[in-house]
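Reading through the structure tokens given below for one structure.
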Amino acid sequence: MATFTLSVNGEQHKVDVDPKTPVLWVLREHLGLVGTKFGCGIAQCGACTIHLDGEAVRSCTLPVSAVGDMPITTIEGLADDNEDDLHPVQEAWLEHDVPQCGYCQAGQIMSASALLATNPNPTEDEIEEAMSGNICRCGTYVRIREAIQTAAEKA
Ligand code: FES
Ligand code: FES
């Protein structure tokens, strides 16, 4: 066991865990942030996507010891503090009624928002590439692509 201080959604959190513990476990089990989902556990489905220092990463294979002082953002911290505000990607998701069962959607939104933060006007190919690691069993891919385009137009 070791103590780590993590910056999550703008707040500092101390956790006492095995250094090899995946960040996904720390978020869900220790911090109660259950918006980030467990899907495959082997970096193949994207359900567990978070932002680490602004980049979309798979939290199921990221050991807590690798985080250091890099800020983590989860789906709970994506929008502004004001509860009424949504992130433009979340607004576009609502507009296009994207989710079906919803299980993959937090990960999809985190990948999409990381893409638009660095590339506000992505081409279809760039969207395809950025989202290729996020699997949706319900097949909402068409609405996901449309929502990303809408979010890009609004930004
Ligand atoms: S649960 Fe992490 S990529 Fe599938
Ligand atoms: S909405 Fe069901 S897995 Fe994507």
**Probe 1.4 Å, accessible area per residue of region 1-124, Å²** = 52
**Message:** With only alpha-carbon atoms in the gyration tensor, what are the semi-axes of the equivalent ellipsoid for region 87-129, in Å, largest first?
**Reply:** 18, 11, 10
**Message:** For Cα pairs less than 8 Å apart in space and 6+ apart in sequence, what is the mean separation divided by the residue count of the chain, i.e. the relative contact order in percent?
**Reply:** 23
**Asked** Roughly speaking, what is the centre-to-centre gap between region 73-135 and region 3-52 when only Cα atoms are used, to the nearest Å?
**Response** 19
**Prompt:** Tell me, what HN-Hα J-couplings in whole Hz come from the Karplus equation 6.51 cos²θ - 1.76 cosθ + 1.60 at θ = phi - 60° for each residue of region 57-73, using x for Gly and Pro?
**Reply:** 9, 8, 6, 6, 10, 9, x, 4, 5, 8, 7, x, 9, 5, x, 9, 10
**Message:** Semi-axes of the equivalent ellipsoid for the chain, please: Cα gyration tensor eigenvalues, times 5, square-rooted, ordered largest first, whole Å.
**Reply:** 27, 16, 14
**Item:** region 7-102: antiparallel DSSP beta bridges as a percent of all, rounded to 5
**Value:** 90
**Complete:** Convex hull around the C-alpha positions of region 55-137: the volume in Å³ per residue is 123
**Fill in**
Carbon and sulfur atoms account, in whole percent of the 1.4 Å probe accessible area of region 17-155, for 49
**Item:** Nearest-20 debye value, the chain charge dipole, Cβ charges on Lys, Arg, Asp, Glu
**Value:** 700
**Protein-only accessible surface order, largest first, of THR140, THR21, THR3 at 1.4 Å** = THR3, THR21, THR140
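The values are calculated or read from the model by the stated rules, or taken from the named source; none is laboratory data. Here the structure is a predicted model, which is why all the values come from computation and not from measurement. So basically every Cβ, Gly included, is an ideal-geometry build from the backbone, and we count neighbours across all protein chains shown. What goes into the accessible areas is simple: the full protein's heavy atoms, side chains included, and nothing from ligands, DNA or RNA. Shrake-Rupley method; radii C 1.70, N 1.55, O 1.52, S 1.80 Å.
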